[in-house]
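Visitor: Structure provided below as structure tokens; questions to follow.
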Amino acid sequence: MRFVAVRMLVGDRARYFGILVGLTFASLLITQQASIFIGLMARSYGFIEDTGYPDIWVMDEKVQFIDDIKPLQDTQLLRVRGVEGVDWAMPLYKGLLKAKLANGQFQTCNVIGLDDTTLVGGPPKMLQGRLVDLRNADGVIVDAVGARTKLAKPPRNPGERSVPLAIGDTLELNDHRAVVVGICEVTRTFQSQPVIYTTYTRATQFAPAERKLLSFILVEAKPGVEPAEVCRRIRATTGLAAWTQQEFQDLTWNYFMKYTGIPVNFGIAVALGFLVGTAIAGQTFHNFTVDNIKHFAALKAMGAGNIMLLRMILIQALIVGLVGWGLGVGVASLFGFWIKNTELAFKLTWQILVVSGVAITIICSLSALLSLRTVLRAEPAIVFKG
Amino acid sequence: MDSAAAAISCTGVTKTYGSGQSRVTALRGVDLEVRAGELLMLVGPSGCGKTTLISVAAGILDHDEGECLVFGQDLKAMPQSRRTALRGRTIGFVFQAFNLLPTLTAAENVAIPLLINGMGRREAVDRGRAMLDRVSIGDRWRDIPSRLSGGQQQRVAIARALVHDPKLVVCDEPTSSLDHETGHRVMDLMREVAVGPDRTLVVVTHDARIFEFADRIARMDDGRIVEIREGTRIEQD
């Protein structure tokens, strides 16, 4: 009777598309909003991921997330280097500095200072120039989106587009001259400020004079030593916080989850998608069943048992569920593809697919349950009532 | 009354709908025996209990009191699942509104009782086509019901009622929506393909034009069988 169930469903095009619209909308809203949420949240720890190479991040014990900078004394670097199990430890500067643009306006930038010798913690991908060019006088590397947008030079003629910052261009960082020696690609940050890489020494020169300027210490554990064990030793020896890369990402993620309204706002959107999907799909599916109640009653009269009817309705729910979910996820993916090169955040993970799949399964199950109740209650004798 | 040889044997059957002031008694102690191999017509005015009686006889409605045996078996005493399965195997239905599934072809509609009884789709549809040949619309097997005339739809419904070779066929007002000539052709067909030594046909109707096709006619009024006549004619009130 499977094909009868399928034909009953798809043959009634208006209702079939009505149910699909509800489920597609629910699937789209859940998938798209969750992807934007994850994309946005991933930006919170994007810099940690970009830095990539070191096993361990060392910082002040009060630091709550990546942008919560509580500078350390430079001497802490030497203390960390002395901890057993540490292969190497390098300084990293991270701070917000104002850049003066060619048009005289100021733009706050995320300035990253890398160890002068090793340049550990550099950008994940160079688009133009080389990382070692940072050793050139006043050299800085600018991220491509920043160079194209917020740091771009004024248009040559009125009405034309701004001119992207390019290698050889200069800008002023806190009254210090900086020369662009490379363009890189980085993960967008939460605040979407331009990212500027330079050497640690130069960064501390750009930065306003402070007693402590060391933001983080990047540490690599010796081969064969567990990073978690090295973290424990660093904490015990120096009193500083030491996190593995994943732990530091989690710390940042949890901070944003706990202290910002982002999860609640997106949660509301996802819940709304679920509720609207349930209402539209459930109602349409139930209407479809009610419209076909005479046919179901006829099938009952002709000997179709409850289990058979249950299977038919489940097959119908499965079909609309799969197609609706697929369409919703497909449209959400297209949306993600379409905004790939924009500033909008979007990260579609397999976990989101599972969540939206489970949500659609729940919607379909509720709809099927409602319909099943109607069908099982249908009196087969109604087929004799004209 | 030899209930073992009878297709249907009802004794003192009562059925009441609702309760309190809205209580309606549809059957008031019906005694009726339908012989195996005959075409019995159940006639009477609207609301006299014809539909309720065939619903009880076909095992799709429980009566309140009395006994109703179908081929010697008390369907009311059976568990629901067994009764449904038995109905699927031994009874064929022709509904007044045909109740063909609008999205299935004629052959697929005819195949439904076979599918319900567990036959594979291809074999069931092939047998559905063969059955459509028997009711002379084999060439329309691919058409969906909306492309068929009322008479053709009725033939599809008849083919569906017979395709699984049931011992009892129950027809509800089979000619009510057909013109005189088509109605006669349909009844000719029913006599030809649906009645035989191993098959009993019960037709509910108030279409006097087809009384001539009956072996016996049972007239109902106010929830009772008031007259049973042998032969092909019954006087109209």
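Visitor: Just give me the residues in the range A:228-250 being more than 23 Å from A:Gln73 (Cα to Cα) and touching a residue at least 24 places away in the same chain (Cβ under 8 Å), in sequence order.
Guide: Answer for the range A:228-250, where residues must be more than 23 Å from A:Gln73 (Cα to Cα) and touching a residue at least 24 places away in the same chain (Cβ under 8 Å): A:Glu229, A:Gln249.
Visitor: Same structure again: Sort out which residues of the range B:84-115 are more than 16 Å from the chain's Cα centre (by Cα), touching a residue at least 12 places away in the same chain (Cβ under 8 Å) and not in a loop (DSSP other than H, G, I, E, B), and write them in order of number.
Guide: B:Ala106, B:Ala107, B:Glu108, B:Asn109, B:Ala111, B:Ile112, B:Leu114
Visitor: Kindly indicate whether any position in the range B:83-90 is of a type in the set (D, E, K, R), crowded, with 22+ Cβ neighbours inside 10 Å, facing chain A (nearest Cβ under 9 Å) and within 21 Å of A:Ile307 (Cβ to Cβ).
Guide: First, the residues of the range B:83-90 that are of a type in the set (D, E, K, R): B:83, B:87, B:89.
The next check asks that each one be crowded, with 22+ Cβ neighbours inside 10 Å; those that pass are B:87.
With the extra rule that they be facing chain A (nearest Cβ under 9 Å), the set shrinks to B:87.
Retained after the next criterion (residues that are within 21 Å of A:Ile307 (Cβ to Cβ)): B:87.
So far as the range B:83-90 goes, yes, one or more of its residues are of a type in the set (D, E, K, R), crowded, with 22+ Cβ neighbours inside 10 Å, facing chain A (nearest Cβ under 9 Å) and within 21 Å of A:Ile307 (Cβ to Cβ).
Visitor: Let me ask something else about it. Quick one: would you say B:Leu101 is surrounded by fewer than 24 Cβ atoms within 10 Å (Cβ to Cβ) and under 30 Å from B:Leu32 (Cα atoms)?
Guide: So B:Leu101 fails the test.
Visitor: Which one is surrounded by the most Cβ atoms within 10 Å (Cβ to Cβ) among residues in the range A:241-289 that are under 21 Å from A:Val4 (Cα atoms) and either out of contact with any helix residue (DSSP H, G or I) (no Cβ under 6 Å at 6 or more places or on another chain) or hydroxyl-bearing (Ser, Thr, Tyr) (or both)?
Guide: Per the criteria, the residue is A:Thr289.
Visitor: Among the residues in the range B:163-175, are any of a type outside the set (Phe, Trp, Tyr) and in contact with a His (Cβ under 9 Å, 6 or more places away or on another chain)? It would help to see each step written out before you state the result.
Guide: Restricting attention to the range B:163-175, the residues satisfying the condition of being of a type outside the set (Phe, Trp, Tyr) are B:163-175.
In the following step, the residues that additionally are in contact with a His (Cβ under 9 Å, 6 or more places away or on another chain) were identified as B:173, B:175.
So far as the range B:163-175 goes, yes, one or more of its residues are of a type outside the set (Phe, Trp, Tyr) and in contact with a His (Cβ under 9 Å, 6 or more places away or on another chain).
Visitor: Test each condition in (1) in contact with a Gly (Cβ under 9 Å, 6 or more places away or on another chain); (2) surrounded by fewer than 23 Cβ atoms within 10 Å (Cβ to Cβ); (3) among the hydrophobic types (A, V, I, L, M, F, W, C); (4) at pLDDT 90 or above for B:Val170 and report the one that comes out false.
Guide: All conditions are met except number (2).
Visitor: Do you know which residues across the range A:99-125 are aliphatic (A, V, I, L, M) and within 16 Å of A:Pro194 (Cβ to Cβ)? Steps first, please.
Guide: Keep residues of the range A:99-125 that are aliphatic (A, V, I, L, M), which gives A:99, A:101-102, A:111-112, A:114, A:119-120.
A:Ala99, A:Leu101, A:Ala102, A:Val111, A:Ile112 - these are the residues of the range A:99-125 that are aliphatic (A, V, I, L, M) and within 16 Å of A:Pro194 (Cβ to Cβ).
Visitor: How many residues does the range B:9-29 hold that are surrounded by 22 or more Cβ atoms within 10 Å (Cβ to Cβ) and either modelled with pLDDT under 90 or in contact with a Pro (Cβ under 9 Å, 6 or more places away or on another chain) (or both)?
Guide: The initial filter retains those residues of the range B:9-29 that are surrounded by 22 or more Cβ atoms within 10 Å (Cβ to Cβ), namely B:9-10, B:13, B:15, B:26-27.
After this cut, where a residue has to be either modelled with pLDDT under 90 or in contact with a Pro (Cβ under 9 Å, 6 or more places away or on another chain) (or both) as well, the list is B:26.
Result for the range B:9-29: 1.
Visitor: Note down all Cβ pairs under 6 Å where the first residue falls in the range A:284-301 and is more than 8 Å from chain B (Cβ to nearest Cβ), the second is among the polar types (S, T, N, Q) and part of a helix (DSSP H, G or I), and they're at least six residues apart or on different chains.
Guide: Partner pairs satisfying both residue conditions: A:Phe285/A:Ser367; A:Phe285/A:Ser371; A:His286/A:Ser371; A:Thr289/A:Ser371; A:Thr289/A:Thr374.
Visitor: When you go through (1) part of a helix (DSSP H, G or I); (2) surrounded by fewer than 23 Cβ atoms within 10 Å (Cβ to Cβ); (3) among the small types (Gly, Ala, Ser) one by one for B:Ala159, which number turns out not to apply?
Guide: Among (1) part of a helix (DSSP H, G or I); (2) surrounded by fewer than 23 Cβ atoms within 10 Å (Cβ to Cβ); (3) among the small types (Gly, Ala, Ser), the lone unmet condition for B:Ala159 is (2).
Visitor: Next question, about the same structure. Could you give every pair whose Cβ atoms fall below 9 Å, whose first residue belongs to the range B:161-188 and is in contact (Cβ under 8 Å) with a residue 12 or more places away in the chain and within 13 Å of chain A (Cβ to nearest Cβ), and whose second residue is assigned to a strand (DSSP E or B) and among the basic types (Lys, Arg), counting only separations of at least 6 or pairs across chains?
Guide: B:Leu162/B:Arg199; B:Pro166/B:Arg199; B:Leu168/B:Arg199; B:Val169/B:Arg199
Visitor: For the range A:338-378, give me the residue count where each residue is loosely packed, with under 15 Cβ neighbours inside 10 Å, touching a residue at least 40 places away in the same chain (Cβ under 8 Å) and within 14 Å of chain B (Cβ to nearest Cβ).
Guide: 1
Visitor: Among the residues that make up the range A:191-198, is at least one of them out of contact with any Leu (no Cβ under 9 Å at 6 or more places or on another chain) and either in the same structural domain as A:Pro223 (by TED's automatic domain parsing) or exposed (fewer than 15 other Cβ atoms within 10 Å of the Cβ) (or both)?
Guide: Start the filter on the range A:191-198 by keeping residues that are out of contact with any Leu (no Cβ under 9 Å at 6 or more places or on another chain), which leaves A:192, A:195.
Imposing the further condition that a residue be either in the same structural domain as A:Pro223 (by TED's automatic domain parsing) or exposed (fewer than 15 other Cβ atoms within 10 Å of the Cβ) (or both) reduces the set to A:192, A:195.
Yes, that holds for at least one residue.
Visitor: Right, here's the next one. Which one of the conditions (1) more than 30 Å from B:Cys10 (Cβ to Cβ); (2) surrounded by 16 or more Cβ atoms within 10 Å (Cβ to Cβ); (3) touching a residue at least 40 places away in the same chain (Cβ under 8 Å); (4) not aliphatic (A, V, I, L, M) does B:Gly66 fail to meet, given that it meets all the rest?
Guide: (1)
Visitor: Sticking with this structure for a sec: Answer yes or no as to whether A:Val6 is out of contact with any Asp or Glu (no Cβ under 8 Å at 6 or more places or on another chain), among the β-branched types (Val, Ile, Thr) and within 14 Å of chain B (Cβ to nearest Cβ). Explain how you work it out, then say what you get.
Guide: Details: out of contact with any Asp or Glu (no Cβ under 8 Å at 6 or more places or on another chain): yes; among the β-branched types (Val, Ile, Thr): yes; within 14 Å of chain B (Cβ to nearest Cβ): yes.
Yes; evaluated as a whole, the condition is true for this residue.
Visitor: Among B:Ala106, B:Ala77, B:Ala130, B:Ala124, which is the only one that is in contact with a Pro (Cβ under 9 Å, 6 or more places away or on another chain) and away from every other protein chain (no Cβ under 12 Å)? Steps first, please.
Guide: Working: B:Ala77 fails: in contact with a Pro (Cβ under 9 Å, 6 or more places away or on another chain); B:Ala130 fails: in contact with a Pro (Cβ under 9 Å, 6 or more places away or on another chain); B:Ala124 fails: away from every other protein chain (no Cβ under 12 Å).
Only one candidate qualifies: B:Ala106.
Visitor: Separate question: Out of all the residues in the range A:42-93, which are under 30 Å from the mean Cα position of the chain (by Cα), within 22 Å of A:Glu210 (Cα to Cα) and polar (S, T, N, Q)?
Guide: A:Gln64
The values are calculated or read from the model by the stated rules, or taken from the named source; none is laboratory data. Worth saying up front: this structure is predicted, and the values here are computed from it rather than measured. Note that each Cβ is placed from the backbone with ideal geometry, even for glycine, and that neighbours are counted across all protein chains shown.
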